[in-house]
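Data first, discussion second: the structure below is written as structure tokens.
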Amino acid sequence: MKRWTPSEDATLRELYSQGVPLRDIAKRMKRTRPSIQGRLAKKGIYGGRVAERRPWTREEMDFLIAHYRQPGWTGRQIADHLGRSIKTVRGKAKYFGLTDPNRDYKTKPPGTDERIITLAMADTPTSEIAREVDCHESYVWLVMKRRPSLYRRWIRNTAERKSTAMAKAHAEGRHPGPGWRKSCD
């Protein structure tokens, strides 16, 4: 990848302001068209606003959970309210499991978060926590991520948890072990 020099930036600005087509600018500067577009966007000259990736705040996630699938709120209205794209809102809603019409994610029994934390502290896998608490796995992750020290510890212990689970499955005959091949009869 070739770095942009200040003189190239000046040439790019000049050619673009003269109305030279992007493909011609790319040929003259011996760069690809996407490279030209990206540089212009980075400099705030091309493509309207530059797409910014920003993490979701707690308030935005709570708003999404409270209003998704509610009468009178469309995905577009939620996106406009949050200042995000509709695609981002739909993706986050899917990540939280809000798109499943058979579940009501707005009402949780009291103590759900505390139960998730207790099970996570006992190094229980997220799939088992979700099953036991009757929530979506993504909600388990969300609760754990709100407590960084718990989350970091849980992640550190993942390898140990997996090896313990495999040993247990092997002992119960559910996992044949590494290197096992099905015999052809």
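The values are calculated or read from the model by the stated rules, or taken from the named source; none is laboratory data. All of these numbers come straight from a predicted model, not from anything done at the bench. In this analysis, Cβ positions are derived from the backbone assuming ideal geometry, glycine residues included, and neighbour counts consider all displayed protein chains.
Filter segment 93-117 down to residues that are part of a helix (DSSP H, G or I) and either loosely packed, with under 13 Cβ neighbours inside 10 Å or of a type in the set (Lys, Arg) (or both) and give me whichever is modelled with the highest pLDDT. Give the steps one after another, and end with the answer.
Taking segment 93-117 as the starting set, the residues that turn out to be part of a helix (DSSP H, G or I) are 93-95, 112-117.
From what is left, the residues that are either loosely packed, with under 13 Cβ neighbours inside 10 Å or of a type in the set (Lys, Arg) (or both) are 94, 114-115.
Numbers: Lys94: 81, Glu114: 83, Arg115: 86.
Ranking the qualifying residues of segment 93-117, first place goes to Arg115.
Can you tell which of Arg58, Arg23 is in contact (Cβ under 8 Å) with a residue 12 or more places away in the chain, of a type in the set (Lys, Arg) and on the phi < 0 side of the Ramachandran plot? Give the steps one after another, and end with the answer.
On the way: Arg23 fails: in contact (Cβ under 8 Å) with a residue 12 or more places away in the chain.
Going through Arg58, Arg23 in turn, the sole match is Arg58.
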### Message
Which residue is nearest to Arg147 (Cα to Cα), if the candidates are limited to segment 118-131 and must be crowded, with 18+ Cβ neighbours inside 10 Å and small (Gly, Ala, Ser)?
### Response
Ala120
